[in-house]
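Asker: This is the structure I have questions about; it appears just below.
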Amino acid sequence: MVKEGKVRIPSGCAIAAVISKEGERMTGEKIMNAMKPMHDRSNGLGGGFAAYGIYPEYKDLYAFHMFFDSRDTRKKCEAFLKERFEVVKGELIPTRKIPEITDEPIIWRYFVTPLKSVLADLQLDEKEFVARTVMKINTETEGAYVFSSGKNMGTFKAVGFPEDVGRFYRLDEYEGYGWTAHGRYPTNTPGWWGGAHPFTLLDYSVVHNGEISSYDANRRFIEMFGYKCTLQTDTEVITYILDYLVRRQGLTLEEAADVIAAPFWSSIDSKTDEYEKQKLTYLRTVFPSLLVTGPFSVVLGFDGGLMALNDRLKLRSMVVGEKGDRVFIASEEAAIRVMEPDAENVYAPAGGEPVIVKVKEGRY
Amino acid sequence: MYINAEGLEFRAINEAIRASGGDITLAGCSGQRFICAGMSDVCVTIKGVPGNALGAYLNGAEITVDGNAQDAVGDTMNGGSIIVRGNIGDAAGYAMRGGCIFVKGDAGYRAGIHMKAYKEKVPVMVIGGAAGSFLGEYQAGGLIMVLGLGIGGKRVVGDFPCTGMHGGKMILRSDCRDIRFPGQVTVRPASAEDMQEIKKYVAEYCRLFGADEKQVMDSPFTIVTPDSSNPYKRLYAAN
């Protein structure tokens with residue numbers, strides 16, 4: 001097939017998310033159903049889910065979800081992993097054969113922990129080491145692709161409509177406290193399994209509806225810090241930007257949102273709160289290359305929570321609702337009503353206004 | 001006539017509406033797009049959540065939504081009415097050129113973007129709550145009215161209203177001291193004559209949604225119009 005860079009494909013997308021603030025675990029059924037009324041926003045070229053809290057029995061191990069093109073690639077990759085990690089478990093990810101999903105690669109998952117000796121040798125902290133290893137596999141090992149690498153979470157993605165992708169991966173059999181979902185209508189790149197959303201790095205996952213116009217400016221900046229944008233897609237670069245700002249620079253999620261969806265200078269100038277004004281000026285000045293322009297609505301999933309964010313002009317739709325300890329987010333209200341017919345406080349956050357939901361400490 | 005929309009896709013829904021005609025209750029909507037698109041002489045009450053582009057190109061039909069509606073309500077509508085007893089999403093009344101939209105609650109971003117008017121075709125959009133940013137962006141004609149009812153301390157409209165406005169009229173139920181307008185529009189308090197016009201639409205809003213007319217009228221109103229019929233004449237070339 002012709003991959004990214006060789007072909008340009010025109011656009012839509014649907015996103016949805018649900019999270020329990022009490023950390024109560026839900027099966028994937030709700031989020032799969034939520035994608036049904038938004039079916040026409042996708043075109044069958046990609047669907048995927050991120051699920052948090054699904055591997056409590058291995059919660060201290062990194063769960064690598066991987067695609068391989070052949071048994072040989074898998075063997076080679078396993079040998080590479082064993083040089084760097086203790087591989088506690090490796091297995092096929094269970095799938096359901098359905099006519100809607102075809103041409104699947106070999107799909108495995110590994111529960112791993114970095115070898116102490118290797119970490120000491122490289123003088124790297126654990127997360128940085130895992131992130132670098134993922135980058136290395138994805139750029140250097142032809143035919144192998146790590147599409148999920150966090151602890152106690154996992155992404156599941158494929159070429160197909162999201163509701164079919166969910167059935168294919170048997171998501172009704174998993175239970176998590178937080179779920180995000182994506183239906184893809186590829187804009188510039190072809191639909192293939194690796195290119196479906198969510199994009200992830202460590203426990204960060206991003207689902208995205210939109211088409212950012214700052215891709216190359218963002219990519220040039222972020223690649224200076226060791227990130228490799230292999231897929232030419234804006235969602236991948238957003239994932240790395242958030243990892244860079246939050247994990248590596250130590251910004252809060254609110255501050256990260258003020259970097260990527262920074263207010264206009266005229267809006268900053270009109271702020272009456274002097275501290276707020278200085279903070280926004282500082283963030284725009286220090287990270288000008290990480291301003292993300294063009295239409296987007298994204299949901300970032302992370303260990304213990306999620307954040308939803310629209311571009312500052314709000315060129316994509318996004319609706320939030322809640323019921324009890326559950327918070328629902330979707331491109332369309334209809335999707336929220338499928339998850340919870342009696343959802344309350346349904347509203348559309350303003351452009352650039354992050355919606356951050358965290359699970360109670362100790363409950364995830 | 002009663003139509004159950006559950007499990008039906010939008011084509012089937014519109015076919016059923018056309019086949020039935022007259023007064024219709026459409027129940028169980030869940031995001032199906034283009035409901036009533038281009039229709040002329042039906043009267044449809046919708047339950048559930050209708051999808052995007054509800055009443056696009058509407059040509060005289062009457063639609064009532066019992067709850068919220070999504071994006072692009074009344075996209076390019078030509079005539080008829082859309083009444084929403086909840087909130088509406090973004091880009092409501094996009095390029096609307098006739099008929100009216102009444103919303104009980106809030107509107108999202110870009111309501112009334114590129115509304116226009118021609119001779120007897122003068123579209124009207126009345127928003128009961130608050131409107132999001134870019135209200136009336138590129139407005140070229142028609143009337144947009146925002147009442148700001150029940151919005152607490154929030155502003156009646158978000159940022160950058162009337163950006164690129166070059167025709168029509170906007171009426172905001174507020175003194176608008178906290179709102180910044182672009183340079184090419186005139187912002188002034190409503191005159192006695194304006195109040196007569198305002199009263200007509202407020203009365204209709206109150207009749208539809210049951211608000212107290214006297215209370216709604218008892219407030220400052222602000223009128224926004226473009227400075228001239230062609231404020232961008234010299235924007236790109238000195239011709």
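No lab work stands behind these numbers, since they all come straight from the coordinates. Just so it is clear, the structure is predicted and the values come from calculations on it, not from any experiment. Backbone-built Cβ (ideal geometry, glycine too); neighbour counts: all protein chains shown.
Asker: Just to confirm my numbers, what's the Cα centroid distance between segment B:92-160 and segment A:100-168 in Å?
Answerer: That distance is 48 Å.
Asker: Per-residue mean of other chain beta-carbon atoms within 10 angstrom of the beta-carbon, peptide B:44-54?
Answerer: Taking all residues of B:44-54 together, the mean is 3.
Asker: Another one. Subtracting the Cα-Cα distance from 0.36 nm times the residue separation, let me have the gained length for A:Arg71 to A:Ser289 in nm, one decimal.
Answerer: 74.4 nm
Asker: Roughly what % antiparallel, to the nearest 5, for the DSSP beta bridges in chain B?
Answerer: 20 percent
Asker: Right, another one. Per the Kirkwood treatment, what hydrodynamic radius in Å, one decimal, follows for segment A:192-309 from the mean inverse distance over all distinct Cα pairs?
Answerer: Answer for segment A:192-309: a Kirkwood hydrodynamic radius of 14.7 Å.
Asker: For the pair B:Glu6 and A:Ser213, how long in nm is the line joining their label points, each one 7 Å along Cα→Cβ?
Answerer: 4.5 nm
Asker: For peptide A:36-45, compute the average count of partner chain beta-carbon atoms within 10 Å of each residue's beta-carbon. List each step's numbers first, then the result.
Answerer: Working: counts 3, 8, 4, 2, 8, 3, 0, 0, 0, 0.
Across A:36-45, the average partner-chain Cβ count within 10 Å equals 3.
Asker: In nm, to one decimal, how far is the modelled label at A:Ile98 from the one at A:Ala79, with both set 7 Å along Cα→Cβ?
Answerer: About 3.8 nm, to one decimal.
Asker: Given a cut-off of under 8 Å on Cα pairs at least six residues apart, what relative contact order in percent is computed for segment B:2-226? Can you show the working numbers first?
Answerer: Working: 698 pairs, mean separation 23.8, N = 225.
Here the relative contact order equals 11 percent.
Asker: Among all the lysines, which ones have a C-alpha under 16 Å from B:Lys121's C-alpha, if same-chain residues fewer than 8 places away are not counted?
Answerer: Leaving aside lysines fewer than 8 places away in the same chain, those within reach of B:Lys121 are B:Lys169.
Asker: Here's another thing I want to ask about it. Please determine, in degrees from 0 to 90 and to the nearest 10, the orientation of helix B:192-209 with respect to the longest principal axis defined by the Cα atoms of chain B, where the helix direction is its Cα long axis.
Answerer: Relative to chain B, helix B:192-209 is tipped by roughly 20 degrees.
Asker: For A:Ala120 and A:Tyr347, what does the FRET efficiency come to when R0 = 56 Å and r is the distance between their Cβ atoms, rounded to the nearest 0.05?
Answerer: The computed FRET efficiency comes out at 0.65.
Asker: Now a separate question. Could you sort the peptides A:267-279, A:77-89 by per-residue average Cβ neighbour count (10 Å cutoff), highest mean leading?
Answerer: A:77-89, A:267-279
Asker: A follow-up question, please. Listed highest first by mean packing, meaning other Cβ atoms within 10 Å per residue, what order do B:165-171, B:3-9 come in?
Answerer: B:165-171, B:3-9
Asker: What's the ranking of A:18-28, B:14-24, A:289-299 by average number of surrounding C-beta atoms within 10 Å, highest first? Spell out each step's value before the answer.
Answerer: Details: A:18-28: 20.4, B:14-24: 14.0, A:289-299: 22.5.
So the order, starting with the most tightly packed, is A:289-299, A:18-28, B:14-24.
Asker: Under a point spin-label approximation (7 Å from Cα along Cα-to-Cβ), what is the B:Arg188-A:Ser270 distance to one decimal in nm?
Answerer: With each label point 7 Å from Cα toward Cβ, the separation is 2.3 nm.
Asker: Give the relative contact order (percent, whole number) for chain A; include only Cα pairs under 8 Å separated by 6+ residues.
Answerer: In percent, rounded to a whole number, it is 25.
Asker: Where in segment B:101-191 are there chymotrypsin sites (Phe, Trp or Tyr not before Pro) that are in a DSSP coil and have at most 12 other Cβ atoms within 10 angstrom of their Cβ? Provide the component values of the computation, followed by the final result.
Answerer: Working: sites: B:Phe102, B:Tyr109, B:Tyr118, B:Phe134, B:Tyr138; in loops: B:Tyr109, B:Phe134, B:Tyr138.
For chymotrypsin sites (Phe, Trp or Tyr not before Pro) across segment B:101-191 that sit outside H, G, I, E and B with at most 12 neighbouring Cβ atoms in 10 Å, the list is empty.
Asker: Write down the Å³ per residue value for the convex hull defined by the alpha carbon atoms of chain A.
Answerer: On the way: hull volume 49.7 nm³, N = 364.
Value for chain A: 137 Å³ per residue.
Asker: Using r as the Cβ-Cβ distance of B:Asp175 and B:Lys119, and R0 as 30 Å, what FRET efficiency do you calculate, to the nearest 0.05?
Answerer: For R0 = 30 Å, the calculated efficiency reads 0.35.
Asker: Right, another one. Can you give the calculated 222 nm mean residue ellipticity of the protein assembly as shown, where each DSSP H run of n ≥ 4 adds -39,500 (n - 2.57) and the sum is split over every residue, rounded to the nearest 500 deg cm²/dmol?
Answerer: Rounded to the nearest 500, it is -6500 deg cm²/dmol.
Asker: Sticking with this structure for a sec: Considering every residue in A:341-351, what mean count of other chain Cβ atoms within 10 Å of its Cβ is obtained?
Answerer: Whole-number average of other-chain Cβ neighbours for A:341-351 is 3.
Asker: Subtracting the Cα-Cα distance from 0.36 nm times the residue separation, let me have the gained length for A:Glu175 to A:Asp60 in nm, one decimal.
Answerer: 39.7 nm
Asker: I would also like to ask the following. Can you tell me what share of the DSSP beta bridges in the protein assembly as shown is antiparallel? A percent to the nearest 5 is fine. Walk me through the numbers before you get to the answer.
Answerer: On the way: 79 of 118 bridges.
Roughly 65 percent of the DSSP beta bridges within the protein assembly as shown come out antiparallel.
Asker: Something else about it: Helix B:10-20 sits at what angle to the longest principal axis of chain B, using alpha carbons and giving 0 to 90 degrees rounded to 10?
Answerer: 70 degrees
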